[in-house]
Amino acid sequence: MPQRIRAIVITGNGTNCEMEMAHACKLARFDEVEIVHISELLHGTKQLDDYHFLNLPGGFLDGDDLGSAKAGANRILHAAVAGREERLYDQFARFIAAGKLILGVCNGFQLLVKLGMLPGLDGHYDRQTVTLTFNDSGRFEDRWVYLRVDPGSPCIFTKGLYGLYLPVRHGEGKFVTLDEKILERLHREGLIAVQYSDENCREATLEYPANPNGAVDGIAGICNETGRIFGLMPHPEAYLHRTNHPRWTREELPEEGMGLALFRNAAAFLRSANF
Amino acid sequence: MANRIEIGFRQGIRDALGEKIKKRIVGHLRIHVDSVRTVEVYTIDGDLTPGELEKAARGPLSDPVIQEFAIDRGMACGFDWLIEVGFRPGVTDNVGKTAAEAIAILTGKPVRVYTSRQYVIGGIRDRCALDLLTRADAERIASELLANELIQRCEIIDGRTWDPAQGMKPHVPRVMGEDRPRTEEIDLDCPDEALIRISQERVLALSIEEMRILRDYLKNETVLARRKEVGLGARITDAELECLAQTWSEHCKHKIFNARIAYDDGEGHTREIDSLFDTCIKRSTREIRERMGAGDWCLSVFSDNAGIIRFNDDWNLVFKVETHNSPSALDPYGGALTGIVGVNRDPFGCGKGAKLIFNTDVFCFAPPDYAKPLPKRILHPRRIYEGVREGVEHGGNKSGIPTVNGCLVFDERYLGKPLVYCGTGGIMPARLNGAPTHTKEILPGDLVVMTGGRIGKDGIHGATFSSEELHEGSPVTAVQIGDPITQKKMTDFLLVARDRGLYRTITDNGAGGLSSSVGETARLSGGCELDLKKSPLKYPGLNPWEILISESQERMTLAVTPEKIDGFLSLARKMDVEATVLGHYTDSGWFHIRYGEETVVLIEMSFLHDGLPQMSLRAAWTPPHHAEPDFSEPDDLGGAMKEMLSRLNICSKESVVRQYDHEVQGGSVVKPLTGVVNDGPSDAAVIRPLLDSFEGFVVANGICPRYSDIDAYHMAACAIDEAVRNAIAVGAPLNRLAGLDNFCWCDPVRSEKTPDGEYKLAQLVRANMALYDVTTTYGVPCISGKDSMKNDYQIGAVRISIPPTLLFSTLGRMEDVRKAVTMDVKKAGDLVYVLGKTFRELGGSEWYALRGAVGNSVPKVHAKTAKALYEALHRAIRAGLVASCHDCSDGGLGVTLAETAFAGGLGLEVNLRDIPAEGIGRNDELLFSESQSRFVVTVSPGSREAFEAFLAGCTFARIGTVIPEGVLRIDGLGGQRIIKEDISALKAAWQKPLAF
């Protein structure tokens, strides 16, 4: 009897992609998909422990006023959960320790990075070692990009995928590491699951606009060492149907959008796992 | 005690904002600078220990990977000039607010945080080590680029006197002033001159006739007796006067649109028009709805904050477009940001409330390369352009609402007032808890609840200020800065409250603030009683009248039944949104406002809303005559084509489009940019609002102000046609299109300042006649609209008036979005068709404008013929026979052919002799005439017969084919090849002008 799998999509304080993220989970046949306002977590009426797949959607947490997702990360790290002797962060830590899946897209990726959960080297999930900063262009941009997928990455979400074509929609997506050593480790351990690339999804690129923000080594998304936490700047939930593709009126495309594969991989993994 | 935390980037980390500013200093101001770095400054007014300060700096305020911080010392070093820009007291500081919240979570201590930013500038060092960057340069950079003195203060520091160990002293821009709220009484029993002075000095924008009505009202015995009971006398209170001025403002009451007008048509006939709004706009909608009969899909028109139409049995669509012109002239960023988050609240506060699903924005500016001296108080058009663009970017993107399309229009006459049209659509369930959602109801006893942001002095006199021209004394407080996140939190909360049935009615606080939101909704019950003292304030020191009319943003007013109030307030608390009961609705017939126990306003509801008599105006039409341009057909038509593609009104707007999120919410189907490399200009947006369905809707706009120079009748007709044909081009059916009219005019009331008021009013009359004629023929009902009538600038002898401008927007339902068509050519070998007839209509065209001429042959809409074409084309699109479809607008057929080709990355070979035309003997005129209701369509050869059969009876012709080589080849009327241009060169010309 396969396990019933439950997805939670967190919203509130400026998150704005929760609807399509939840829709992706539904299309990937999660048994339960719930959009939960963060106030429900902070008031203790819902808790992360009850779910298997945590979605952190895009948006502008607190307006990204202190830098993208900074104020949002501060809330998760320091705000207490009403009626419990814990911070929201403690629920995140338990969720990770249980080996469950976390996907952060755009602002959700920024949040994971600023919490220190990505790359989470050596199991330290509260130490920030990389960041996502202002695009080299100095502006927000909405454009579609090609992504190369690293076949050797432990990332659960990108298993079996060759390349992706998805939109980016951000002003702060330039990936930077604290130092060269960290960058080198990300490469060596296969944590760089997706990179901005040429249109054949073969070679990572530094060239604008294929690399839309100047990210170091074209890094578009990274995972932790178990591959169960994954964050990326491009939006897989924005390409769930062929009519989302910018050239659907001129190209032969499959009915299903490319972004859905990530959610299907998550569902398949969770169904075969034991918690 | 106050402390400063400064945050800067580490050495070697790119400072993208600094780079952008440097580019502008060099490129726009033409001042040599070597480097610009930025430092974010948080001035913390609170009681933090050194340890807590460091924790805050290290934690939420800085990013340890790329930034470093300094506490109570200077971060910057080794510069020539440092410019610090911060807000003036009372100006919305969104970042400061977020920082204060973050610090409170971190330390448990309440603090106030004020932000500012330093621009640290290094000059070029030459061999002589001269001071190449002077204080005067720094002052210019500060005033012309970095700071807007209306809302910001700036400090300039000379690098030679800088001591980083000392840094700058904390400056706390707290709102100072005594907190002794008081209500003043004003004696209106005085001569006319004194009445006029009262109106002017208080920015009431009330005319002498209106002031006299107030004077006489206060002599009515019954009124006086009732006033006496609550402690008021024969003098009017400041709160009453302000409240009436807001309610009676042109902005709120649309006095001109409702006026009785004697219209002289210039041919010896004079007609009486009893309200343009009733006789043209509402009448058209009424007649169309009668024709639709049982199939009528309009649900709520002209009565609520936005128009509501049926989407399907379960869902309704809502749409509203507004302008925010005057504030955007003074502070482009704040004005435009407030414009977009302001119009968001209209659909949101419509019926029972709608979830917001798209924005569409249209801006009219003076050219960004404007090089003449600027009149007083006017910002450079480039600054307006960038500020407005950014304001709408932050307002739209941060609210999570896709900006699905829009356009930019350039004309020097928008120098005095730019036009900033912001539109928003929403979707609402057709029924909730068993009741329809598109109506409003309030019963006596329902509580008046205000929710969202707090009240400050910002936005005081917005409604009256926009009801007059921009002048020397235009109030600074009318400028405000929106806060999209506070609004998002509020809308998240209210959608939950709506679905749980926790309130009865919702409306927004926009122009006129509480006086308007409560004043309007109180009509549903018949009165209200409020206590302003209960209102949450941003800072103390507001007088009752200020609380009543403040336009502070992000507020909704709700009617909540007493039995639901606990549930409503507790949900608000849980979701961290402020909500306050201010009073209750009554059926007393009085608008009764107290401050604590003291009554500050007591006005009869009937007087407040109906006490204003109809205005009587005169309009006189005399057709203008312009010189016909005298030039012969140019030899190099390929060069002419490129010149046309580089016109500001034609060229690519990609740099702006990309900075708006047009895909959030996941339902994007036809995006603003399309084609083989995603950069061709789409005609309209197609959206799928329900992700598990293929039903969708189309959003399009039409605007062509230049035609007003010849005849505003045709300007309006063409704007409507453009909005309709854009929607048709992507696949919308004509019989499911709804329209929105948005008039921006220059003052059409004859006065000393406006001697040609009768002509301008005649233009307005003619535009409305066109609206009636074209919308009724098409069967496209207007469901909502707006007007802004005082788009003039007057300081000293300089008067700048905008060209009369109508923005027409359409919203149409599409049964299946998979039938949508885009404008790019698809395959070599496809056949190229032109649909619709080309006339010699170059008056007001871009082709004439290129030669500095206007001409007289303005394009005309042949609505009956066009209707048949639109219906036939739609059937062909539905049958899947159309590979690409692009409408012809600015720049005519020539521009449309070029865009169609380069968007698809393929060439075209076409022959002008095959184009259906009348009265044209020149190639340039055929290429660039702006005749309406035309399309360029490509069709695969296999679909030729079926397509032509669908179009039978319409004017159309096959004019060529799509070719694999990337070349546009056009043969002229004489049979010779007149254009042979690489599509890459055409595209480059089209992309260049606004690629900054």
* Net dipole in debye of region A:6-272 [+1 Lys, Arg Cβ; -1 Asp, Glu Cβ; about Cα centre; nearest 20] -> 340 debye
* Working with all protein chains in place, sort B:837, A:100 by solvent-accessible area computed with a 1.4 Å probe, largest first. => B:837, A:100
* Asked: Just from the alpha-carbon atoms, what are the Rg and Dmax of the protein assembly as shown in angstroms?
  -> 30.4, 90
* Structure fact -> One finds the C-alpha centres of region A:218-263 and region A:128-186 to be spaced, in Å, by 13 Å
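Loop-only check: which trypsin sites (Lys or Arg not before Pro) in region A:1-57 are DSSP coil with at most 11 other Cβ within 10 angstrom? Mind showing how you got there, number by number?
On the way: sites: A:4, A:6, A:26, A:29, A:46; in loops: A:4, A:29, A:46.
Counting only loop positions with at most 11 other Cβ atoms within 10 Å, the trypsin sites (Lys or Arg not before Pro) in region A:1-57 are A:4.
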* **Computed lengthening from residue B:54 to residue B:278, 0.36 nm per intervening residue step minus Cα-Cα distance** => 74.2 nm
* Asked: How much solvent-accessible surface does residue B:626 expose, in Å² to the nearest 10, with a 1.4 Å probe and all protein chains in place?
  -> 50 Å²
* Summarise the partner chain shielding of B:396-403 as one whole number: the mean count of Cβ atoms from other chains within 10 Å of each residue's Cβ. => 5
* Asked: If amide H atoms are built 1.01 Å from N in the plane of the peptide, which residues on other chains or at least 5 residues away come under 5 Å of the amide H of residue B:932?
  -> B:860
* To do: Evaluate region A:137-275: find the radius of gyration of its Cα atoms, find its Kirkwood radius, and give the ratio Rg to Rh.
  => 0.97
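Which loop-located trypsin sites (Lys or Arg not before Pro) does region B:711-816 contain, where loop means any DSSP state but H, G, I, E or B and the Cβ has at most 15 other Cβ atoms within 10 Å?
B:753
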* To do: Work out which residues of region A:243-266 lose at minimum 40 square angstrom of accessible surface when the other protein chains are put back, relative to the chain isolated, with a 1.4 angstrom probe, and list them by number.
  => A:243, A:244, A:246, A:247, A:248, A:249, A:250
* Structure fact -> Ignoring ligands, DNA and RNA, the residues of region B:10-35 whose accessible area with a 1.4 Å probe is reduced by 30 Å² or more relative to the chain alone are B:14, B:16, B:20
* Asked: So how far apart, in nm, are the two label points at residue B:946 and residue B:219 if each is 7 Å from Cα heading toward Cβ?
  -> 7.8 nm
* Asked: Put +1 on the Cβ of each Lys and Arg and -1 on the Cβ of each Asp and Glu in chain A; which of A:221, A:80, A:116 then has its Cα farthest toward the positive end of the dipole?
  -> A:80
* Given H placed 1.01 Å from N in the peptide plane, which residues other than close sequence neighbours of residue A:60 have an amide H under 5 Å from its amide H? -> A:15, A:16
* **Placed amide H near residue B:891: partners under 5 Å, 5+ positions off or other chain** => B:846, B:847
* Please name whichever of B:716, B:607, B:356 sits farthest to the positive end of the charge dipole of chain B, dipole taken about the Cα centre and charges placed at Cβ: Lys and Arg +1, Asp and Glu -1. => B:356
* Structure fact -> Highest GNM mean-square fluctuation among A:117, A:233, A:19, for chain A with Cα springs under 10 Å, belongs to A:19
* Asked: Ignoring ligands, DNA and RNA, what percent of the accessible area of the protein assembly as shown is carbon or sulfur (1.4 Å)?
  -> 49 percent
* Structure fact -> The A/B contact buries a total accessible area, at probe radius 1.4 Å and rounded to the nearest 100 Å², of 5200 Å²
* Asked: Which percent, nearest 5, of DSSP beta bridges in chain B are antiparallel?
  -> 85 percent
* **HN-Hα J in Hz across region B:428-444 - Karplus 6.51, -1.76, 1.60, θ = phi - 60°, x for Gly and Pro** => 9, x, 5, 9, 9, 6, x, 10, x, 9, 8, 10, 10, 8, 9, 10, x
* **Theoretical ellipticity at 222 nm over the protein assembly as shown - DSSP helices of four or more residues, -39500 (n - 2.57) apiece, nearest 500** => -8500 deg cm²/dmol
* Exceeding the 27 Å Cα-Cα cut-off - candidates A:159/B:653; B:20/B:109; B:352/B:867; B:760/B:860 -> A:159/B:653; B:20/B:109; B:352/B:867
* To do: Whole number please: convex hull volume per residue, Cα atoms of region A:50-122, in Å³.
  => 98 Å³
* **Cα→Cβ-extended label distance, 7 Å offset, between residue B:922 and residue B:209, nm** => 4.8 nm
* **Under the Karplus curve 6.51 cos²θ - 1.76 cosθ + 1.60, θ = phi - 60°, whole-Hz ³J(HN,Hα) for region B:750-767, x wherever Gly or Pro sits** => 5, 7, 4, 6, 10, x, 9, x, 5, 5, 5, 5, 5, 4, 5, 4, 5, 4
* **Gyration tensor over alpha-carbon atoms, chain A, equivalent ellipsoid semi-axes in Å** => 26, 22, 18
* For chain A, give the share of DSSP beta bridges that are antiparallel, in percent and rounded to the nearest 5; count only bridges with both residues there. => 55 percent
* If you place +1 on the Cβ of every Lys and Arg and -1 on the Cβ of every Asp and Glu, how big does the dipole about the Cα centre of the protein assembly as shown come out, in debye to the nearest 20? -> 1720 debye
* Structure fact -> For region A:87-99, in residue order, the Karplus 3J(HN,Hα) values (coefficients 6.51, -1.76, 1.60; θ = phi - 60°; whole Hz; Gly and Pro = x) are 9, 4, 4, 4, 5, 4, 4, 5, 4, 5, 4, 6, x
* Just how far, in whole angstrom, is region B:510-558 from region B:795-826 if you go by their alpha carbon centroids? -> 34 Å
* Cα gyration tensor of chain B - equivalent ellipsoid semi-axes, whole Å, descending -> 46, 37, 28
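Could you provide, to the nearest whole Å², the per residue accessible area of the protein assembly as shown with probe 1.4 Å?
Numbers: 43430 Å² over 1271 residues.
About 34 Å² of surface per residue is accessible.
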* With chain A treated as a Gaussian network of Cα nodes joined by springs under 10 Å, which of A:211, A:224, A:244 yields the largest mean-square fluctuation? -> A:244
* To do: Evaluate the charge dipole of chain B about its Cα centre and quote only its size in Debye, nearest 20, assuming +1 on the Cβ of each Lys and Arg and -1 on the Cβ of each Asp and Glu.
  => 1540 debye
* As computed over region B:185-253, the Cα convex hull volume per residue (Å³) -> 83 Å³
* Structure fact -> Rounded to the nearest 10 Å², the accessible area of residue B:297 using a 1.4 Å probe with every protein chain kept is 10 Å²
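Could you tell me how many cubic angstrom of Cα convex hull volume region B:2-161 has per residue?
Dividing the Cα hull volume of region B:2-161 by its residue count gives 117 Å³.
The values are calculated or read from the model by the stated rules, or taken from the named source; none is laboratory data. The structure presented is a predicted model; accordingly, all values stated were derived computationally and were not measured. Here Cβ is always computed from backbone atoms with ideal geometry, including for glycine, and neighbour counts include all displayed protein chains. Just the protein is used for accessible areas: all its heavy atoms, side chains included, with ligands, DNA and RNA removed. Shrake-Rupley method; radii C 1.70, N 1.55, O 1.52, S 1.80 Å.
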